[in-house]
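So the structure is just underneath, and the comments pick up after that.
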Amino acid sequence: MIRFDKVTKVYKTSHGDVRALDGIDLEVAAGEYVSVRGPSGCGKSTLLSLAGGLATPTSGSIEVAGEAIGQMTSAARARFRAEKIGFVFQLFHLLPYLDVLQNVLVAEPAGKEDDARERAAALLTKFGLADRLTHHPSQLSAGERQRVAMARALLNGPAVLLADEPTGNLDAESAAGVLDAVDDFHRAGGTVLLVTHEDATGGRAQRTIYMRGGKLQPQADAVR
Ligand code: ADP
Ligand code: MG
């Protein structure tokens, strides 16, 4: 479902090049739930943005859901993201000037005439937010905001859910609620790649990969 082949990502900065990913080979099977761990700055978020087509590799190839995304145009990647990928971030990334329902509908590709509003409302109801549809993010708790972000991620029935420290800003109870939603997605056949620092969060995955300095660590000498 996800395949990285010798993937390198170099960011050009005024202070020189930053090699964020350095020759990553990775395979995640369809329906697999993998957690990603490693110290701050080791390349976890970069790995996720490349897997989701938010950025392109400097070299190497990436295939996700049967599509070679490394070489796509940005328009093709945008379509790929809308159809195949759900993203959840630590800081939720909700739009402050939109209400809850509108925030979820952001995931709907423009011009699509269908039942998106009903699907969005149904997801928000499932996540206990039925009476919050017209509230704005500033009126919600952190846990509620992340449930809105989760509804947005799941609106179009993605094949892959990419979650970057989704519980990093949540209390234990809210975190459990978000992770339950991830579990539901996985049980329904979805593929999950989830970045976390927390044992309780990563423990739900079937497999954990460890990164350090832009490389994958062999399981045996992985340092937490
Ligand atoms: P992590 O998520 O594991 O903390 P990141 O993938 O965010 O790591 O970053 C990996 C490395 O790439 C870090 O050294 C970081 O400073 C650098 N980096 C990330 N994004 C950029 C960017 N847009 N421009 C320049 N350097 C970046
Ligand atoms: Mg990160």
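The values are calculated or read from the model by the stated rules, or taken from the named source; none is laboratory data. Keep in mind it's a predicted model, so treat the numbers as computed, not measured. Cβ sites come from the backbone with ideal geometry, for glycine too, and all protein chains shown count toward neighbours.
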Original post:
Condition test on Leu124, is it crowded, with 22+ Cβ neighbours inside 10 Å, among the hydrophobic types (A, V, I, L, M, F, W, C) and under 14 Å from the mean Cα position of the chain (by Cα)?
Top reply: no
Original post:
Got at least one residue in the range 135-148 being within 16 Å of ligand 1 (Cβ to nearest atom), in a loop (DSSP other than H, G, I, E, B) and of a type in the set (A, V, I, L, M, F, W, C)?
Top reply: no
**OP:** Look at the range 8-29 and say how many of its residues are in a loop (DSSP other than H, G, I, E, B), among the hydrophobic types (A, V, I, L, M, F, W, C) and within 12 Å of ligand 1 (Cβ to nearest atom).
**Re:** 0
Original post:
Exactly one of (1) more than 16 Å from ligand 2 (Cβ to nearest atom); (2) over 14 Å from the mean Cα position of the chain (by Cα); (3) buried (at least 16 other Cβ atoms within 10 Å of the Cβ); (4) assigned to a loop (DSSP other than H, G, I, E, B) is unmet by Cys42. Its number?
Top reply: (1)
Original post:
Among (1) within 27 Å of Thr167 (Cβ to Cβ); (2) in contact with a Phe, Trp or Tyr (Cβ under 9 Å, 6 or more places away or on another chain); (3) touching a residue at least 60 places away in the same chain (Cβ under 8 Å); (4) charged (D, E, K, R), where does Arg81 come up short?
Top reply: (3)
**OP:** Only residues that are out of contact with any strand residue (DSSP E or B) (no Cβ under 8 Å at 6 or more places or on another chain) and within 14 Å of ligand 2 (Cβ to nearest atom): list them for the range 185-203, please.
**Re:** Glu198
Original post:
Is it the case that some residue within the range 53-75 is away from ligand 1 (no atom under 16 Å from the Cβ) and closer than 20 Å to Leu105 by Cα?
Top reply: yes
Subject >> Single residue of Gly31, Gly16, Gly52 found to be surrounded by 15 or more Cβ atoms within 10 Å (Cβ to Cβ), over 14 Å from the mean Cα position of the chain (by Cα) and either within 16 Å of ligand 2 (Cβ to nearest atom) or not acidic (Asp, Glu) (or both) >> reply: Gly31
**OP:** Search the range 158-177 for residues that are at pLDDT below 95 and in a helix (DSSP H, G or I) and pair each with any residue that is within 16 Å of ligand 2 (Cβ to nearest atom) and among the β-branched types (Val, Ile, Thr) when their beta-carbon atoms are under 6 Å apart and the residues are at least 6 apart or on different chains.
**Re:** Ala175/Thr167
Original post:
Looking at the range 59-75, which of its residues are buried (at least 17 other Cβ atoms within 10 Å of the Cβ) and outside any strand (DSSP E or B)?
Top reply: Ile69, Gly70
Original post:
Between residues in the range 183-206 that are at positive phi and residues that are at pLDDT 95 or above and away from ligand 2 (no atom under 14 Å from the Cβ), which pairs lie under 7 Å by C-beta distance while being six or more apart or on different chains?
Top reply: Gly189/Gly31
